[in-house]
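What follows is one structure encoded as structure tokens, with my remarks underneath.
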Amino acid sequence: MSTTSSQLDAEALYQTLVQQIRTGLQGATDVALVGIHSGGAWLAERLAAELGLTERLGFVDVSFYRDDFSEKGLRADVKPSQIPFDVEGATILLVDDVLYTGRTTRAAINELFDYGRPARVLLAALADRGGRELPVAADFVATSVELSKQENLQLQRADDGRFSLTVVHA
């Protein structure tokens, strides 16, 4: 599904993503969710509750694993990674809010392997904005959006847990 930036209903996109994941994970064993801070972590928390996987929920902050760390430096809001389950042999659903260059996904996979060797890693993203620099593709994606390089797609979570997506001009 391709969407223009003016049609981004994050709640509707989230429901689309949930249905794709439910269908795609049928028959999968030893499933765990890992959200990438921060938007992917928010999505993973909600997905875990809906899929009954709250005991198999983890989070990664890829700040130290990014290949552009030396250029960008360390963000002030770095969060600790938390993987409270055994990754070895698990089916890991890696969750991010927006898939762009693929570098965040690569960094998250590198970090996951520091915890063990999963049997399989699947990727879910609320939106794919194109512009890939690495050969990364989401297994589950609610929408594809075309944005210029001067635009970013930002997920927000309200106090009541509802999501919204905003196009931010750099």
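Key figures for this structure:
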| quantity | calculated |
| --- | --- |
| Helix-only [θ]222 nm of the chain, DSSP H runs n ≥ 4, -39500 (n - 2.57) each, per residue, nearest 500 | -8000 deg cm²/dmol |
| Cβ charges +1 (Lys, Arg) and -1 (Asp, Glu), total dipole of the chain, debye | 200 |
| Calculated from backbone phi, Karplus (6.51, -1.76, 1.60) coupling profile of region 10-21 in Hz, x at Gly/Pro | 4, 5, 5, 5, 4, 4, 4, 4, 4, 5, 4, 5 |
| Charge sum, other residues only, whose C-beta stays under 15 Å from Arg56's C-beta, Lys/Arg counted +1 and Asp/Glu -1 | -4 |
| Alpha carbon centroid spacing (whole Å) that separates region 6-62 from region 134-155 | 16 |
| Exposure rule at most 16 other beta-carbon atoms within 10 Å, DSSP loop GluC sites (Glu not before Pro): the chain longest free segment | 1-87 |
| Cα gyration tensor category, rounded, prolate or oblate, for region 9-66 with a/c compared to 1.5 | oblate |
| Point-charge dipole on Cβ atoms (K/R +1, D/E -1) for region 79-120, about Cα centre, debye to 20 | 140 |
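Any read-out appearing in this document is the output of simple, stated calculations on the displayed coordinates, not a laboratory observation. The structure presented is a predicted model; accordingly, all values stated were derived computationally and were not measured. Virtual Cβ from ideal backbone geometry, glycine too; neighbours counted across all protein chains shown.
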